[in-house]
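The structure under discussion appears below in the form of structure tokens.
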Amino acid sequence: MTAKRDLLAEKARLLEEQARRARGRRLFGYYPDEGPLARSGYPRHMEFFRLGADHRQRLMLAANRVGKTEGVGGYELALHLTGLYPDWWEGRRFHRPIRAWAAGDTSETTRDILQRVMLGEPGEPGTGLIPSDSLRQVVRRGGGVADAVDRVRVAHVSGGTSTLKFKSFDQKRRSFQGTAQDVVWLDEEPPMDVYAECLMRTMTTGGLVMLTFTPLLGLSEVVLSFLPGGEAPAPGQGENGTGKAVVAATWDDAPHLSPEAREELWAACPPHQREARSRGVPRLGAGAVYPVAEDEVKVEDFPIPPHWPRAFGLDVGWRATAAVWGAWDPATDSLYLYAEYKRGLAEPEVHAAALKARGGWIGGVVDPAARGRAQADGARLMDIYQERGLELTPADNGVESGLYSVWSLLSTGRLKVFASLSGFFEEYRLYRRDEQGRVVKERDHLLDAARYLVMSGRDASRPLPARLLLEGEGAATSDYELFQ
């Protein structure tokens, strides 16, 4: 009986040891040739790894729950720390020990997320992505964050020892000064000054900076440094001309998420965050002026009926002069923006000719500042445009009231924009408020013109003149072809 108990105890001990060793080799369970985590099912993850061979700065702009933290940032960092690259690895390789940072937004989230991913649960070091037999030293952090780790030393296959230090954005930029680093991993979006400091730390080593986050802050300064036009690259097009690499990952790129899980996640998301959380699209972040999804605003172009009254809004300036044309549907009291114009560094005569080409009969409303702003020989711009045959009246330029009016139309579905207005939508993606709540005045000329049109364009609007129809201009061809 005693022998049987001893045998069962020994068997239990061996099973426990086997389980412990399995927990200590979590890294090697990722991306096999076949199975649920087979790398063929994660093309965006593979793309991110591959781009590291040629790009120092990479951003995975990802939806929630696609594996960007553990399956991308943590996995690659563990490979660099240990040198245990799989045979299929096409990304950057370090053939020596490295110095690395891993940083989250706060000390608590760094402990709860990054530390757990890399080391395992508190009290179980070696059950994270860094294999247990590669861990050489774990140094606890002093202070008020319980169970927080300051740094770890990791055996590299070359024979030396890598060092990983955990940091957080709430420690501010100064804490990111110091020694050069080979790899910096920023999980969650960092402040721009922290990101810039991390770049400096990797310049002398030619090291890597990896960012993995869901763009809940919208088109922030960091995101725009990777996406100058505000548009994420299509799958398979990580290089976007900036010398940096961006990989967008959606729920469709996460085969581990079941349809039921996606439905549950979608229902739990606030409407204005759904694009960011499901697709990694940074259009409607916390600072968005108009928190209405682009797809809800855009409509396919169609011929404007002759009886719909039209007008245009005009924003003038030397660096950029912009105009947006709109038509009101009397039946639904909806405004459709159907044409745009934007050009910089040109004389008023050039702009006037372009505006009249859209229909000299169409009335316009202009930024009232044009009445006192000199652009040519000290003359007033509004007078210059009127002398060239444009019918212009000053627009209501109340900024906050105008923004509210535009937002009200957008949110109720009564302001629609033709899909062909690419310039408008580029500005729409970028239009945001800063941390103080002020509208960021960058690349917003078409949006300003649209605001003037919404506020004052109705009074200046008119339908297609009957004389144009009587003269046959609307008979031989469509009004859409004549006046678009």
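Take residue 34 and residue 331, extend 7 Å from each Cα along the Cα→Cβ direction, and tell me the distance between the two endpoints in nm.
6.0 nm
Rg and Dmax of the range 23-153 over Cα atoms: what are they, in angstrom?
Spelled out, the Cα radius of gyration and Dmax of the range 23-153 are 14.8, 45 Å.
Can you give me the angle between helix 192-203 and the longest principal axis of the chain, using Cα atoms only, in degrees from 0 to 90, rounded to the nearest 10?
Between the helix axis and the principal axis of the chain, the angle is about 50 degrees.
For the modelled label position 7 Å from the Cα of residue 145 along Cα-to-Cβ, which residues of the range 93-123 have backbone nitrogen atoms closer than 20 Å?
Label zone hits: 99-123.
When Lys and Arg each count +1 and Asp and Glu each count -1, what net charge do the other residues less than 13 Å away from residue 63, Cβ to Cβ, add up to?
Here the count lands on +4.
Just to verify a number: FRET efficiency for residue 258 and residue 216, C-beta to C-beta distance, R0 = 30 Å, to 0.05?
With R0 = 30 Å, the Cβ-Cβ based efficiency is 0.80.
Which percent, to the nearest 5, of DSSP beta bridges fully inside the chain are antiparallel? Intermediate results must be reported in sequence, preceding the final value.
On the way: 31 of 68 bridges.
Among the beta bridges of the chain, antiparallel pairing accounts for roughly 45 percent.
In the full protein assembly as shown, how much of residue 269 is accessible to a 1.4 Å probe, in Å² to the nearest 10?
Residue 269 has an accessible surface of roughly 20 Å² with all protein chains in place.
So with the 1.4 Å probe, I'd like the accessible area per residue for the chain, rounded to whole Å².
Result: 45 Å² of accessible area for each residue.
Return the equivalent ellipsoid semi-axes of the range 136-204 as a descending list in whole Å, where each equals the square root of 5 times an eigenvalue of the C-alpha gyration tensor.
Ellipsoid half-lengths, sorted descending, are 22, 18, 9 Å.
What is the percent carbon and sulfur in the accessible area of the chain, measuring with a 1.4 Å probe over the protein chains and ignoring ligands?
Result for the chain: 51 percent of the exposed heavy-atom area is carbon or sulfur.
Report the net charge of residues surrounding residue 208, where surrounding means a beta-carbon distance below 10 angstrom and charges are Lys +1, Arg +1, Asp -1, Glu -1.
That sum, taken over residues with Cβ under 10 Å, equals +1.
Could you tell me the calculated FRET efficiency between residue 203 and residue 401, based on Cβ-Cβ distance and R0 = 45 angstrom, to the nearest 0.05?
That pair, residue 203 with residue 401, gives E of 0.45.
Go through the range 448-457 residue by residue and turn each phi into a ³J(HN,Hα) via Karplus (6.51, -1.76, 1.60, θ = phi - 60°); whole Hz please, and just put x for glycine and proline.
5, 4, 5, 5, 4, 5, 5, 6, 10, x
Could you work out the mean projected area of the convex hull around the alpha carbons of the range 111-227, in square nanometres to one decimal?
Here the figure is 8.3 nm², rounded to one decimal.
Any idea how far apart residue 307 and residue 353 come out in nm if each label point goes 7 Å out from Cα toward Cβ?
3.8 nm
Would you calculate a helix-derived [θ] at 222 nm for the chain, using -39,500 (n - 2.57) for each DSSP H run of n ≥ 4 and dividing by the full residue count, to the nearest 500?
-8500 deg cm²/dmol
Hey, how many Å between the Cα centroid of the range 378-415 and the Cα centroid of the range 130-202?
What the calculation gives is 52 Å, centre to centre.
Could you check the simple spin-label distance between residue 467 and residue 383, using points 7 Å along Cα→Cβ, in nm with one decimal?
Spacing of the two 7 Å Cα→Cβ label points: 2.8 nm.
Counting Lys +1, Arg +1, Asp -1, Glu -1, what net charge surrounds residue 161 among other residues with beta carbon under 14 Å of its beta carbon?
Net local charge, residue 161 excluded: +4.
The values are calculated or read from the model by the stated rules, or taken from the named source; none is laboratory data. All values derive from a computational prediction rather than experimental measurement. All Cβ positions, even for glycine, are placed from backbone atoms using ideal geometry, and neighbour counts span all protein chains on display. Protein only, heavy atoms only, side chains kept; ligands, DNA and RNA dropped before computing areas. Shrake-Rupley method; radii C 1.70, N 1.55, O 1.52, S 1.80 Å.
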